Every structure is written in C-alpha cells, then in structure tokens.
Amino acid sequence: MLKLIDHPLIKTKLTIMRDHKTGHTSFRNNLNEIASLMVYEVLRNYKTKEIIIETPIKIKTTGFVFDKEIVIVPILRAGIGMVQGIQMLVPEAKVGHIGIYRDEKTLDTHEYFYKMPIVSKDSYIIIVDPMLATGGSAFDTITRLDNEGYVNIRLVCIVGAPEGVEKILKHFPNVVIYLAALDKKLNKDGYIVPGLGDAGDRIFGTK
Ligand code: PRP
Ligand code: URA
C-alpha cells in the first residue's frame, strides 16, 4: 500500500529541499524535519501495551509503551539524513544500517554493509531513504530483511517515482510505503523528475 502524507508543513519544507539554491545545511535540516513529521504518521497504528508507573505524588497509574521494539534502518548514505529527525520523536529506537549504492551507469545496486541490532523478528522496522527511484535499493533492503525473517516492515521515503513504487508493491504487497511526494517519472539517468537531485550529495555537501 502507498500512503502519501499530505501536510502543508511537509509540502513547504520539501519545496526548500527541491530548490537547487538550497545549501547542504538547510537541505539536511529540512530533511530531518520532514522525517519527524512523517514518522508521527507512520507510528499511528503501532500498538502500545500498558505499564504501571508511579507519579511524583506517589499515585500508581497506567502508562503506555510500544509493544515491540522500533528499529530505524537507513539505506546508506542518504538514509542517514533522516535518522536524527525520527530519533527526536522515538529516542528509544535502535538503528540498523544497510549500505547500498547504485552504479551511476547501469543503475545496478551493490550492497557493501549490513548490520542490524539484536531484536525480535517481529520488531517494527522502518526503512528510511529520501529517494525511491527505480526501487532497486529499497527492493534489495526489503529482500535482505525479509530473508532474515523480519515481518513488520515499512518503507519511508521523501520523494518517489512511479517505477519504484510499482516495483516494491509488486514484490512486497504487504509493505506500506510512505511518501511525501509521488513525482512524475525517472529521467534517462535514473533521476527522479522533478525530484531534488542527488540526495546523498546534497545532504553531505559532496557535490
Ligand atoms: C540514492 C538514494 C537511494 C537510491 C535510490 O543512493 O539515496 O538509496 O539512490 O535509487 P534507486 O531507487 O534507483 O535504487 P545512491 O546509490 O546514490 O547512494 P548514496 O546515498 O551513497 O549517494
Ligand atoms: N537517487 C537520488 O539521490 N536522486 C534521484 O533522483 C534518484 C536516485
């Protein structure tokens, strides 16, 4: 299922990110802020369980915690740019990492790093990457996590192309994809149109 998160704050911040004049500091800040806003929506249907706590006036009362661990899985590099924003709302979340880059010419993906925390396989897994273009990087990530037995997987991207969304939903119909915007298409170099350019380069100031 695809969920487009439509909110004026997200739209206006994404406009700043799309603008070629925006430098890496502002790009990164806006990315983290959008990630925070999106995760509020992503977590909406996660279940909580009751715990008993005592307040400062020595009264016991019922409180709530998430019923399972939450694990953020950024796809390196650009996914890193969303982690801090999510941790602002979910500081207890653990972080797994998967390193994947796509060959600039062939667009084939290559995994170079994988490390998950030790958590139960039914933990809430939130894969993050600003860009869902051909869907190759997200597909590899979901395949890897699926093969490892994780069952509660969500994919949170900022900008998606129809090609990427289609690829993920075709192979993983149970995965919910969250996007801030569904753009028109990919260009011949595999960039999302209109998109926001190379997310990794813009976050880290590498170009
Ligand atoms: C970018 C982006 C995604 C991927 C999306 O990463 O951050 O991971 O491309 O494209 P896809 O849907 O066609 O796989 P890139 O490979 O440029 O690596 P980087 O983040 O290290 O720059
Ligand atoms: N990766 C990016 O960083 N940008 C795109 O437009 C497509 C893939």
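The values are calculated or read from the model by the stated rules, or taken from the named source; none is laboratory data. Since the structure is predicted, the reported quantities are computational estimates derived from the model, not experimental observations. Please note: Cβ atoms are built from the backbone with ideal geometry, for glycine as well, and neighbour counts cover all protein chains shown. The protein model used for the area step is the full one, side chains on, heavy atoms only, and it has no ligands, DNA or RNA in it. Shrake-Rupley method; radii C 1.70, N 1.55, O 1.52, S 1.80 Å.
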| Virtual spin-label span in nm between D189 and T143, 7 Å along Cα→Cβ | 2.6
| note | Under Stokes-Einstein, the stretch 1-59 at 25 °C and 0.890 mPa s, with its Kirkwood radius over C-alpha pairs, diffuses with a coefficient in µm²/s of 171
| remark: The size of the Cβ-based charge dipole (Lys, Arg +1; Asp, Glu -1) of the chain about the Cα centre, to the nearest 20 debye, is 340
| said: I want to verify the translational diffusion coefficient of the stretch 98-207 in µm²/s; compute it with Stokes-Einstein, Rh as the Kirkwood radius over Cα pairs, at 37 °C and 0.692 mPa s. | reply: 227
| query | So, how do all the Cα-to-Cα distances of the stretch 162-207 break down into 5 Å bins, in percent, from 0 on up? | reply | 5, 18, 22, 21, 20, 10, 3, 1
| request: Could you please state how large a percent of the accessible area of the chain is carbon and sulfur, counting protein chains only and using a 1.4 Å probe? | output: 55
| When only alpha-carbon atoms count, how far does the stretch 1-152 stretch along each of its three principal axes, as whole angstroms with the largest first? | 63, 38, 27
| Residues of the chain: accessible area per residue with a 1.4 Å probe, Å² | 53
| note | Whole-percent tail of the Cα-Cα distance distribution for the stretch 26-74, cut at 13 Å, equals 72
| field | Value of D in µm² per second that Stokes-Einstein yields for the stretch 139-180, Kirkwood Rh from Cα pairs, at 37 °C (0.692 mPa s) | value | 309
| query | Where nothing but the Cβ of Lys and Arg (+1) and of Asp and Glu (-1) is charged, how large is the charge dipole of the stretch 80-150 around its Cα centre, in debye to the nearest 20? | reply | 140
| note | Amide H neighbours of V73 at under 5 Å, excluding residues fewer than 5 places away on the same chain, with H built from the backbone geometry, are G96, I126, I127, V128
| note | Given Cβ charges of +1 for Lys and Arg and -1 for Asp and Glu, the option among G79, I59, T22 whose Cα lies farthest towards the positive end of the dipole of the stretch 1-148 is I59
